[in-house]
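This report refers to the structure that appears directly beneath it.
Each value in this text was obtained by applying a stated rule to the coordinates, not by laboratory testing. Keep in mind the model is a prediction, meaning the values are calculated, not measured. Cβ sites come from the backbone with ideal geometry, for glycine too, and all protein chains shown count toward neighbours.
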Amino acid sequence: MHIIYIHQHFSTTRGTTGTRSYDFARLLQARGHKVTVVCGVYGPSDIGRLGDPLKGFVTRRTIDGLDVRILSVRYDNKQSIAAQVLSFLLFMAGSTVEMFRIRGADIVFATSTPLTVGFPGTVARYLRGLPFVFEVRDIWPEWAVEAGAIRNPLIIWAAKVAARAFYRAADRIIVISHRMGERLQEQLGPVGRKVRVVPLGTDVALFGSAAPDTAWRREHGLEGKFVVVYAGAHSRLHALGWVLKAAAILKEDADIRFALIGDGVLKAALVEEARREGLGNVLFFDPIPKNRLAGILRTCNLGLMTVENLSIVDMALPNKFLDYLAAGLPVLVNFNGEAGWICEQEGCGVVVPPQDPAAMAEAVRRLARDPARAKRMGERARDVAVRRFDRARLVEDFERVLEEARHG
């Protein structure tokens, strides 16, 4: 089948953000389908930097065998709220027009965030008669309200109305964690029968084939250290202030180091706090492309999956957590959601209470002093990634949902 795949934040492994859409698009194409990607220019993505400069509003390129239509709509997490909203609306309109220009399509698949990508799929459903599959990576608008991303009552109301309309229009709704599926089914009532779970997954092959980047360790004085790594956004939601408090408790332990990789609105403040508190055991790094990050993670000893104490986080099963597993890293989680349950059930990590830096520090210290236990957990982590979260296997479930939508 010919799939129109709409994702505003699309990126390859040369970017510093998630690659689920890139991986699934390539895997679907390898299984005999035709995939046309419609995307924007996302700051952490590499799409706007590949090849010659973009020309006009739509630039068509072949990227790693994929037909990609790039809309000159830029988005970055550091933009003001007004600029972000404008970016979402421009991409919504542009991708809807581009959807009509793609001939011979059999189905439209749109993945959020942002929520507005549901609009071109809904239009395709009603005006082109194409089946529409809507992927929900965050339940709107609940997550944005609780995370403090939106506060305007009018925008919240509009998001609720839009989300309901997109859910009704979709032939199938994909969610990326089981808890998210349960919660959305509870909300939607009869419409919830459309919900299917296809976990976010990870590129098991990439992390399995990546050679440990020992040069990175040497360059930053990390040889012989127990390295605790965080790779992701530096925002309020990700609770890195608590990580710095745990690091402060451990700063006299010469064998433990924290490596915080990424960017975000709070990074400058976190760097300043670490400097002010004399945290020489915390190293900050700019975002690293996924294809290099794989080797770096394989040299680390423990992955951090931290979030603020919000009710929405029980559904979280994000890229960083799954990439840690694929790299064979045990994971420290500070909440009792789905990620925490996996750590406990599979024995591939530890769970500590939220907002408890002393418990976090003690968990790190215990693993650092028991390398055999950390190694066993890492082996279980890799096994969990292979068994449960390998995108090369999950694409079969993904394809099955698309076929369901096509045939009713």
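List of remarks:
- Exposed GluC sites (Glu not before Pro) absent: longest stretch of the chain, with sites in DSSP loops and at most 15 other Cβ within 10 Å deemed exposed: 1-222
- Of the trypsin sites (Lys or Arg not before Pro) found in the stretch 320-408, not one falls in a DSSP loop while having at most 13 other beta-carbon atoms within 10 Å.
- Alpha-carbon Rg with Dmax, taken over the stretch 1-110, Å: 13.3, 42
- A crude spin-label estimate for the pair Lys78 and Glu362, with each label 7 Å from Cα along the Cβ direction, gives 3.9 nm.
- Nearest-0.05 FRET efficiency for Arg292 and Leu50, computed from C-beta distance (R0 22 Å): 0.85
- The distance linking the stretch 75-140 with the stretch 250-320 is 32 Å (Cα centroid to Cα centroid, whole angstrom).
- Sparse packing (at most 14 other Cβ atoms within 10 Å of the Cβ) combined with a DSSP loop state is found for the following chymotrypsin sites (Phe, Trp or Tyr not before Pro) in the stretch 1-90: Phe57.
- With contributions of -39500 (n - 2.57) from each DSSP H run of at least four residues, the per-residue ellipticity at 222 nm computed over the chain stands at -13000 deg cm²/dmol.
- Under 23 Å from the Cα of Lys194 - lysines, other chains or at least 8 residues apart: Lys160
- Hits among aspartates and glutamates - C-alpha to C-alpha of Lys34 under 15 Å, sequence gap 8 or more where chains match: Asp23, Asp64, Asp67, Asp106, Glu399, Glu403
- Between Arg61 and Arg193, the FRET efficiency from the beta-carbon distance, with R0 = 45 Å, is close to 0.70.
- For Ala105, the shell of other residues with beta-carbons less than 13 Å away shows a net charge of +4, using +1 for Lys and Arg and -1 for Asp and Glu.
- Coil-residue trypsin sites (Lys or Arg not before Pro) of the stretch 109-179, DSSP, other Cβ within 10 Å capped at 16: Arg151
- Candidate lysines - alpha carbon under 27 Å from Lys245, same-chain residues fewer than 8 apart omitted: Lys78, Lys225, Lys267, Lys320, Lys375
- The phi-based Karplus calculation (6.51 cos²θ - 1.76 cosθ + 1.60; θ = phi - 60°) puts the 3J(HN,Hα) values of the stretch 53-67 at x, 5, 10, x, 6, 10, 10, 9, 9, 9, 10, 6, x, 9, 7 Hz, whole numbers, x for Gly and Pro.
- Positive minus negative residues near Pro354 (Lys, Arg vs Asp, Glu; Cβ under 13 Å): -2
- Taking every DSSP beta bridge that has both ends in the chain, the antiparallel portion is near 10%.
- Across the chain, Cα pairs under 8 Å and at least six residues apart give a relative contact order of 15 percent.
- Inverse mean reciprocal Cα-Cα distance (Kirkwood Rh) of the chain, Å: 21.8
- Three-way shape label, the stretch 204-388, alpha-carbon gyration tensor, a/c 1.5: rounded
- Relative contact order of the stretch 204-388, defined on C-alpha pairs under 8 angstrom at six or more residues apart (%): 24
- Spacing of the two label points (7 Å from each Cα toward its C-beta) at Ala165 and Glu346, in nm: 3.9
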